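Trainee: Just passing along the structure, written as structure tokens.
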Amino acid sequence: MKPPRILPNSPFARIARRVLGSSSVAMVLGNTIHLSGATKEEFLCDPYWVAHEMCHIQQFREHGYLAFLWKYLVESARVGYYNNKYEAEARLAGQRDAQLYAHNGVLPDPATMHRGAGEPT
Ligand SMILES: [Zn+2]
């Protein structure tokens, strides 16, 4: 498996950011994490956020690119962003797997982190 790529200043993430009304957004398309409103460094400093987006990378791998995109959009249209089962799974992963992405094995206080602040994406 190729390692995921990170793309800052992504036009796709900028659109999602406007739609969600969020100050910063990370959005996964296939094997690429698109960022808007956050630098690559800010993103990588938040292990909860990285774990969340890595779950979406995994979802794309499991279902296949177009199949997952379709299922995700249908699910979002049906139950909304927050209750989307793929988002619920990624929220769980964000808590469960954060340790994997912690620097020097130390998890920061989630309240100081993007993900801990409960912002969408
Ligand atoms: Zn998500």
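Trainee: Filter the stretch 1-27 down to the residues that are more than 15 Å from the ligand (Cβ to nearest atom) and charged (D, E, K, R), then identify the one that is most open to solvent (accessible area, probe 1.4 Å).
Mentor: That would be 18.
Trainee: Restrict the check to the stretch 28-45 and report whether at least one residue is of a type outside the set (S, T, N, Q), surrounded by 12 or more Cβ atoms within 10 Å (Cβ to Cβ), out of contact with any helix residue (DSSP H, G or I) (no Cβ under 7 Å at 6 or more places or on another chain) and over 20 Å from residue 113 (Cα atoms).
Mentor: No, every residue in the stretch 28-45 fails to be of a type outside the set (S, T, N, Q), surrounded by 12 or more Cβ atoms within 10 Å (Cβ to Cβ), out of contact with any helix residue (DSSP H, G or I) (no Cβ under 7 Å at 6 or more places or on another chain) and over 20 Å from residue 113 (Cα atoms).
Trainee: Which count do you get for residues in the stretch 1-21 that are more than 13 Å from the chain's Cα centre (by Cα) and more than 13 Å from residue 40 (Cα to Cα)?
Mentor: Result for the stretch 1-21: 11.
Trainee: Looking only at residues in the stretch 72-115 that are part of a loop (DSSP other than H, G, I, E, B) and more than 16 Å from the ligand (Cβ to nearest atom), which one is modelled with the highest pLDDT?
Mentor: 102
Trainee: Give me the pairs: first residue in the stretch 55-67 and open to solvent by 60 Å² or more (accessible area, probe 1.4 Å), second residue at pLDDT 95 or above and not in a helix (DSSP H, G or I), beta-carbon distance under 6 Å, and six or more apart or on different chains, which are they?
Mentor: As it stands, the answer is 65/30, since those pairs meet every condition given.
Trainee: Determine whether the stretch 30-37 contains at least one residue that is at pLDDT 95 or above and aliphatic (A, V, I, L, M).
Mentor: Yes: the stretch 30-37 contains one or more residues that are at pLDDT 95 or above and aliphatic (A, V, I, L, M).
The values are calculated or read from the model by the stated rules, or taken from the named source; none is laboratory data. All values reported here derive from a predicted model rather than from experimental measurement. Every residue, glycine as well, gets a Cβ built from its backbone with ideal geometry; the counts of neighbours run over all protein chains shown. Only protein heavy atoms, including side chains, enter the accessible area calculation; ligands, DNA and RNA are left aside. Shrake-Rupley method; radii C 1.70, N 1.55, O 1.52, S 1.80 Å.
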